[in-house]
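K.L.:
Before we start, here is the structure in question, set down as structure tokens.
The values are calculated or read from the model by the stated rules, or taken from the named source; none is laboratory data. Because the structure is predicted, anything quoted here is derived from the model rather than measured. Neighbour counts run over all protein chains shown; Cβ positions are idealised from the backbone, glycine included. Remember, those area values only see protein heavy atoms, side chains included, never the ligands or the DNA or RNA. Shrake-Rupley method; radii C 1.70, N 1.55, O 1.52, S 1.80 Å.
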Amino acid sequence: MNDAVAIATAVKRGQIGAVEVVKSALAKIVERDGELNCFTAVMADTALTDAERIDREVALGHQMGSLAGVPFAVKNLFDIAGVTTLAGAKINAENFPATQDATAVFKLKQAGAVLVGALNMDEYAYGFVTENAHYGATRNPHDRTRVAGGSSGGSAAAIASGLVPLTLGSDTNGSIRVPAALCGVFGLKPTYGRLSRAGVALFSSSLDHIGPFARSVRDIATAFDVLQGEDERDPVCTKRPPELCFPQILRGIEGLRIAIAGEYFAKGASPEALEAVQRVADALGVTNYITIPEAHRARSAAFVITACEGANLHLEKLRSRPQDFDPATRDRFLAGALIPSSWYIQAQRFRRWYRDKVQEIFQKVDVILAPTTPISAPLIGQQTMILDGEEILVRPHLGLFTQPLSFIGLPVLSVPIQRPNTLPLGVQLIAAPYNEALILRVAAVLEAMGVVSV
């Protein structure tokens, strides 16, 4: 049983015990994770203790949360009480264990979900492949020779392989959407500040988001609803009242104005990635194209801001322990530390201009379609790829279509396009800030039509 809502419903009705569900998840992890390398920590004892408590409460007739008995796992940059928060780094393994759960972890537990472990990632969330120099590469469940994507690779692969029905990841420039696409699952990057990042190791504070992965729209919507709400521990967390999305996903899309992102988002992609977008557009009857202006400059500015803010967080360790970083991460941080402050200031100025220009588009359109990644999952260790006849680097270009959107904090859902006998791809559903319900409604229609599925 890999459906979170179905598990919770069965547990609350007493049709299955939480202990049985959690034992099944733990057995799958033991059986399959050795070759996938999704988990960096498995918390079997505490998970079973929590599941036993849930079963007792069900037996007593207590009101249970919407995720009762659902096993979940989190990217290892979320604080877990009693566990050292690695953030994919060798250096952090020496830190003391966290003293309390991250807010997002706490909220899922409060809704009855059972935490079973922490998941692999790129070091300090700086990457798109989850080929971690310290903790190994996470492998794509569809082809073990290929990457799972990153930086939340463990989170996506754990869903795709059926180890758990719900995971959490983080997204700075595409780190939820890229692995969701490459592993063929649903991944939601909410509006910037919509969900609390308290207790999450940050990479680039002005760009970081957190969000869920799942195998269905209703599971994504349920998790998102649980995670919403203001949090004084996170200064950028919105005070906007939660808007429950689960009740809205069956409203359909009548009256919604949907368009395809052209120009930049139609270039630099493989024919297969563009075909995936067209498949979604055809199913929805969409023929309208729009242009997101200066998207290429938005991506460049995102690189500048990411590198500067990320490097600033790690300057002391870059000076004192450079040998203990993943070499690829270290070199990018060092480059970021050398960027002139004037570049950073200009990137932020451009960001304000770009946000206003994109907001004008949403006066005419409700939801935009775009590829998630330019290609399907590359091979582990692959350094370059050919696009439009040009040889380019794999790692930075997997975020080609995600960076211009997270740059201004838009809510985006990557939906999975399964292709017979080949690797999955993803399509981004994009909306204006705080319109997660709209993209979830579109995704629910596509799921009901069989156009998107895990």
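K.L.:
Counting helices only, and only those DSSP H runs with n ≥ 4, report the 222 nm mean residue ellipticity of the chain as the sum of -39,500 (n - 2.57) divided by its residues, in deg cm²/dmol to the nearest 500.
P.N.:
The per-residue figure over the chain is -11500 deg cm²/dmol.
K.L.:
So how do 279-286, 384-391 stack up, highest first, on mean other-Cβ count within 10 Å?
P.N.:
279-286, 384-391
K.L.:
Still on this model: Tell me which aspartates and glutamates have Cα within less than 16 Å of residue 75's Cα, excluding those fewer than 8 residues away on the same chain?
P.N.:
Straight-distance partners of residue 75: 33, 101, 122, 123, 131, 171, 208.
K.L.:
How big is D for the chain, in µm² s⁻¹ as a whole number, if Stokes-Einstein is applied with the Kirkwood radius of its Cα pairs at 10 °C and 1.306 mPa s?
P.N.:
73
K.L.:
In addition: Could you tell me the accessible area of residue 317 in Å² (1.4 Å probe, neighbours in place), rounded to the nearest ten?
P.N.:
We get 70 Å² for residue 317.
K.L.:
Using 0.36 nm per residue, how much length does the chain from residue 60 to residue 236 gain when fully extended, once their Cα-Cα distance is taken away?
P.N.:
59.4 nm
K.L.:
Let me ask something additional. For the chain, what is the accessible area per residue in Å², given a 1.4 Å probe and the full set of protein chains?
P.N.:
38
K.L.:
Quick one: of 90/189; 189/267; 23/107; 23/317; 28/90; 317/357, which pairs are farther than 29 Å apart, Cα to Cα?
P.N.:
Details: 90/189 27 Å; 189/267 23 Å; 23/107 22 Å; 23/317 40 Å; 28/90 27 Å; 317/357 39 Å.
Over 29 Å Cα-Cα: 23/317; 317/357.
K.L.:
Over the chain, what relative contact order in percent results from Cα pairs under 8 Å that are six or more residues apart?
P.N.:
17
K.L.:
Return the whole-Å distance between the Cα centroid of the stretch 1-15 and the Cα centroid of the stretch 361-381.
P.N.:
Between the Cα centre of the stretch 1-15 and that of the stretch 361-381, the gap is 33 Å.
K.L.:
Further question on the same structure: Size of the dipole of the stretch 258-449 about the Cα centre, Lys and Arg at +1 and Asp and Glu at -1 on the beta carbon, nothing else charged, in debye to 20?
P.N.:
Details: 18 positive and 18 negative charges, 112 e Å.
The calculated dipole for the stretch 258-449 is roughly 540 debye.
K.L.:
Okay, next question. When only alpha-carbon atoms are used, what values of Rg and Dmax, in angstrom, describe the stretch 258-449?
P.N.:
Calculated on Cα positions, Rg and Dmax stand at 18.2, 57 Å.
K.L.:
What does the charge dipole of the chain about its Cα centre add up to, to the nearest 20 debye, if the Cβ of each Lys and Arg holds +1 and the Cβ of each Asp and Glu holds -1?
P.N.:
So the magnitude is around 500 debye.
K.L.:
Name the long-range amide H neighbours of residue 76: under 5 Å, sequence gap of 5 or more, or other chain; modelled H, no Pro or chain starts.
P.N.:
Correct list: 119.
K.L.:
Relative to the Cα centre, what is the charge dipole magnitude of the stretch 93-180, using +1 at the beta carbon of each Lys and Arg, -1 at the beta carbon of each Asp and Glu, and rounding to the nearest 20 debye?
P.N.:
My answer is approximately 300 debye.
K.L.:
Also, I was wondering about something else. Hey, any idea what % of the chain's accessible area is carbon plus sulfur with a 1.4 Å probe? The partial results should precede the final answer.
P.N.:
On the way: 8910 of 17160 Å².
The computed percentage sits at 52.
K.L.:
To continue, here is another question. Non-local amide H neighbours of residue 133 (under 5 Å, H modeled in plane, Pro and chain starts lacking H): which ones?
P.N.:
It is 123, by chain and number.
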